[in-house]
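A short reminder: the numbers here are calculations on the coordinates, not readings from a lab. Only a predicted model underlies this, so the values are computations on that prediction, with no experimental measurement involved. Cβ atoms come from the backbone with ideal geometry, glycine included; neighbour counts cover every protein chain shown.
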Amino acid sequence: MAILALILATTLVNALTLNTPSSLTASTNNTVSWTAADGDPSSFSLELLQPQLLNGPLGIVPTVNTSDGSVTFILPEVPAGSDYTIEAVGVSNITNVLDTSDSFAISAAPSPTTVVLGQARAQVSPRPS
């Protein structure tokens with residue numbers, strides 16, 4: 001029994017670990033990073049969860065190369081709020097949860113801005129008769 005506990009403890013220590021983002025912003029580029037260990041799958045998927053604001057997990061990156069250590073992606077427009085988490089899950093089996101981040105907040109998408117670049121002018125000459 002002690003050997004089994006030691007094997008389980010070693011497995012938990014040597015597993016993919018998501019770094020919890022300080023915060024993310026909807027509809028913009030965001031980066032999530034992780035630490036990988038020997039024995040981790042070569043790729044995984046990322047899902048966003050927030051039980052009060054989302055209807056189940058939201059796939060945000062379908063395939064991530066484990067050896068990359070981080071991925072930058074555009075977060076879809078989701079409600080601003082706290083208590084979001086990210087799960088690393090198996091690519092072919094999303095019920096295989098590799099790790100779950102601690103909770104973090106997501107800020108609202110930035111407001112669109114209007115930029116006036118200048119005025120186009122056209123000069124029309126009368127037709128010769």
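Please work out the FRET efficiency for the pair Asn55 and Thr35, using the Cβ-Cβ distance as r and a Förster radius of 35 Å; give the result to the nearest 0.05. If you can, show how the numbers build up before the last one.
Details: r = 31 Å, r/R0 = 0.87.
Calculated value: 0.70.
Working only with C-alpha atoms, what are the Rg and Dmax values of region 16-107, expressed in angstrom?
Spelled out, the Cα radius of gyration and Dmax of region 16-107 are 12.2, 36 Å.
How would you order 46-54, 94-102, 65-73 from highest to lowest mean count of nearby Cβ atoms within 10 Å? Write down the numbers at each step before the final one.
Values: 46-54: 16.4, 94-102: 14.2, 65-73: 12.3.
Going by the mean number of other Cβ atoms within 10 Å, highest first, we get 46-54, 94-102, 65-73.
Report the extension gain between Thr28 and Ser92 in nm, rounded to one decimal, defined as 0.36 nm multiplied by the number of residues separating them, less their alpha carbon distance.
Details: separation 64, 0.36 × 64 = 23.04 nm, distance 2.71 nm.
Gain in length upon complete extension: 20.3 nm.
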